[in-house]
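Single-structure report; data block below.
The values are calculated or read from the model by the stated rules, or taken from the named source; none is laboratory data. Values in this document were obtained by computation on a predicted structure and should not be read as measured data. As a convention, Cβ positions derive from the backbone with ideal geometry for all residues, glycine included, and neighbour counts pool all protein chains shown.
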Amino acid sequence: MSDLGDYYRKRAGEYDAVYEKPERQEDLARLRALLPPLVSGRSVLEVAAGTGYWTKALATTARSVVATDLNDETLAVARTRTYGPAEVRFQTADAYDLGAVEGRFDAIFAGFFWSHVLRADVRRFADGLLNRVEPGGVVILADNRYVEGSNYPITRTAATGDTYQNRQLADGRAFEVLKNFPTREQFTADVAPREVEWTELAYFWLATVC
Ligand SMILES: C[S@@+](CC[C@H](N)C(=O)[O-])C[C@H]1O[C@@H](n2cnc3c(N)ncnc32)[C@H](O)[C@@H]1O
């Protein structure tokens, strides 16, 4: 398993604490409200769904949601939530190998994963999403903006432009984690010539790509 996969596998039980940060509550509520209209009536493939926090919002209006993640440990937490009215199914899958997920999808959502994709892999990852969605469908991405004091500080910037943070789990285990913070311009260039709609909140960005 990749370092990133291993980190989130070990963090599964404490992951949801990130959604308790007081300064982010208003933006989280806005993001929870922005997502459902985008997937209304659609068959959604959720990539790197983690503990299902966003699955819950998607399921309020989607026709169905297949929530995938590399780790069964995060999906085990996701399975403890209640969803609806959409039918929600969980499946382990690699975000870079979406052909392994059965079904046809007219919406794909990946929350807080783009930031964990190496600059060198961005095009491959984006193409994987865009090739998996049905014609006329939409790819939706949301992620963090860097806000001093709210995010872990960036501790290393590689020659490639990739940025890294030092993180610690509750039991003290330490990890260096890739975490990139693209601007709107960078993101738009990464998925060009696709059309992008970009919404910027204080703590998060939301992009739809058609
Ligand atoms: C930052 S969390 C985001 C979880 C969820 N989308 C959210 O926003 O709450 C990143 C997730 O990516 C998963 N992950 C890591 N590598 C992956 C891969 N190659 N394919 C699919 N999921 C992966 C981790 O298990 C973790 O659940």
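Identify all residues within segment 139-186 that are more than 20 Å from the chain's Cα centre (by Cα) and among the hydroxyl-bearing types (Ser, Thr, Tyr); write none if there are none. Hits for segment 139-186 are THR155, THR157, THR160. Where strands (runs of 3 or more DSSP E) sit wholly within segment 124-210, none has at least 2 residues that are at pLDDT below 95. Restricting GLU14, GLU102 to residues that are within 23 Å of VAL177 (Cα to Cα) and more than 9 Å from the ligand (Cβ to nearest atom) narrows the list to GLU14. Here segment 1-11 is the region considered, the condition is being more than 7 Å from the ligand (Cβ to nearest atom) and part of a helix (DSSP H, G or I), and the residue that is surrounded by the most Cβ atoms within 10 Å (Cβ to Cβ) is ARG11. Set side by side, the residues VAL117, VAL66, VAL77 differ, and just one is β-branched (Val, Ile, Thr) and either under 19 Å from VAL133 (Cα atoms) or more than 11 Å from the ligand (Cβ to nearest atom) (or both), which is VAL66.
Does TYR96 satisfy being more than 16 Å from GLY128 (Cβ to Cβ) and among the aromatic types (Phe, Trp, Tyr)? No.
Taken together, the residues in segment 72-97 that are out of contact with any strand residue (DSSP E or B) (no Cβ under 7 Å at 6 or more places or on another chain) and surrounded by 16 or more Cβ atoms within 10 Å (Cβ to Cβ) amount to 5.
Scanning segment 159-178 for residues that are without any contact (Cβ under 8 Å) to a residue 12 or more places away in the chain and out of contact with any strand residue (DSSP E or B) (no Cβ under 7 Å at 6 or more places or on another chain) yields ALA159, ASP171, GLY172. Answer yes or no: is there a residue in segment 56-68 that is more than 19 Å from THR208 (Cβ to Cβ), outside any helix (DSSP H, G or I), more than 17 Å from the chain's Cα centre (by Cα) and of a type in the set (Val, Ile, Thr). Looking for residues that are more than 19 Å from THR208 (Cβ to Cβ), outside any helix (DSSP H, G or I), more than 17 Å from the chain's Cα centre (by Cα) and of a type in the set (Val, Ile, Thr), one finds none in segment 56-68, hence no.
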